[in-house]
Amino acid sequence: MVVGGIIFYFFVVEQFGWKMTPPRSELWAVCFGMALALTSFMVRNKKEASLRVAVYAGLGGGFGFAFGNFLHVIGNVSGIQFNFWNVMEYSLGFFGGLGMAYGTFTAKWEEEPVMDSRKSQLTPLIGLVLIIPFIVWQQSFEFDRIAKILAEISVLNLDMWQRITQWFSLILVLAFAIFNYRKFSGKQLAQDSRSYNSIKNFYFGFFGVYMILSWFITGAFLSTYRVEQYLYFVNFAILFVLIDQVKVPIISSNNKTKTWASSLVAIIGIIAILAFVAIISHGELKGAKKRFGNDTTTVLAK
């Protein structure tokens, strides 16, 4: 995967100059090369279930990103005061997650021995409940950034609310990590961690922590200027109510390349229509960047 990422990046970006995300990093090419290498590995070693998950996650995520970008453009052109960037991110996550879930539940998984080792489960648990949330806190809750956000909503006692925002969010992250470590580090770790209620409670706890962190980093706990933030709670409530009531019968299926190919063609067709509608809906947008621009022509000419 490392070699695939390096080779693909070199030829596509450095040699041909196909830059898709200016002025940001073009590491999408590395990810693409790694994905090709991983796909090759799964095909050669007949990892059918994993391949199915990857394909449907890719189809769902690809559509979700394009559809979200369409909503982002149309939303901005409409003049409606709403954070349509978050709408785009939500669309990517929703459809990508939907594809991943469908691929996972409809795959035919091989029987493998259950890992009951305490250490084998605690290591990823610590990464999930402590390391990643702490990095999010460290990167997002910088003092100057919080000060700028709170100043925009005209908060009184700015210094006090800055410190409350920083320390409360850090305490929340640490408390969530300690709670889950204590809960899953006992002798019943292997059994309890795989129970339905345990997974469900962990999911809602994780959801709740990030929802609260989002409210604090945006200042939504002090002002209603970011109305999209409260939709997270609506999502939370809907999932909490429906998760035990809605059951969908899912039957495992064999991989069919024809089905994947037809799905890809259909999605590309839908994206083409959305792109056409988006193009004719507006003039040049502020901050727009040219994708796959003149660099390609220059390289070919040389």
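The values are calculated or read from the model by the stated rules, or taken from the named source; none is laboratory data. Not measured: the values here are computed from a predicted model. Ideal geometry is used to build each Cβ from the backbone, glycine not excepted, and the neighbour counts take in all protein chains shown. For accessibility, only protein heavy atoms count, side chains too; no ligands or nucleic acids. Shrake-Rupley method; radii C 1.70, N 1.55, O 1.52, S 1.80 Å.
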Once Tyr232, Tyr196 are ranked on solvent-accessible area with the largest value leading and a 1.4 Å probe, the list reads Tyr196, Tyr232
The answer for segment 147-243, accessible area per residue at 1.4 Å probe in Å², is 59
Heavy-atom accessible area with a 1.4 angstrom probe orders Ile80, Ile153, most exposed first, as Ile80, Ile153
Among trypsin sites (Lys or Arg not before Pro) in segment 1-92, those in a DSSP loop whose Cβ has at most 13 other Cβ atoms within 10 Å are Arg24, Lys46
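Using a 10 Å Cβ count of at most 15 others and DSSP loop calls, identify the longest part of the chain lacking such GluC sites (Glu not before Pro).
143-283
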Taking alpha-carbon centroids only, segment 75-97 lies from segment 41-55 a number of Å equal to 31
Mean shadow area (nm²) of the C-alpha convex hull around segment 58-104 is 2.7
Semi-axes (Å, rounded, descending) of the ellipsoid equivalent to segment 25-116 per its C-alpha gyration tensor are 33, 16, 10
Connecting every pair of Cα atoms under 10 Å apart in the chain and solving the GNM, the largest mean-square fluctuation among Val227, Val246, Val173 falls on Val246
GNM on the chain, Cα springs under 10 Å; top mean-square fluctuation among Leu71, Leu38, Leu92 goes to Leu38
Options (i) 19.5; (ii) 23.0; (iii) 21.0 for Kirkwood radius over Cα pairs in Å; the value derived from the coordinates is listed as (ii)
For segment 68-163, listing trypsin sites (Lys or Arg not before Pro) in a DSSP loop whose Cβ sees at most 15 other Cβ atoms within 10 Å gives Lys108
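Contour minus end-to-end for Glu48 and Val3, with contour as 0.36 nm per residue of separation and end-to-end as the Cα-Cα distance?
13.9 nm
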In a Gaussian network model of the chain with springs linking alpha carbons closer than 10 Å, the residue among Gly75, Gly219, Gly287 that fluctuates most is Gly287
The pairs in Lys46/Lys183; Lys19/Lys47; Lys46/Lys258; Lys47/Lys258; Lys108/Lys200 lying past 27 Å Cα-Cα in this model are Lys46/Lys183; Lys19/Lys47
Residue ranges of DSSP H helices in the chain that stretch 20 Å or more (Cα, own long axis) and have mean Kyte-Doolittle hydropathy of at least 0.5 are 28-44, 48-78, 84-106, 158-184, 196-218, 257-280
Taking the chain and counting helices only, DSSP H stretches of n ≥ 4 at -39,500 (n - 2.57) each over all residues, the nearest-500 ellipticity at 222 nm comes to -22500 deg cm²/dmol
Rounded to 0.05, the calculated FRET efficiency for the beta carbons of Ser262 and Met20 at R₀ = 30 Å is 0.70
Expressed as a percent, the accessible surface of the chain that is carbon or sulfur, using a 1.4 Å probe and the full set of protein chains, is 68
Heavy-atom accessible area with a 1.4 angstrom probe orders His72, His282, most exposed first, as His282, His72
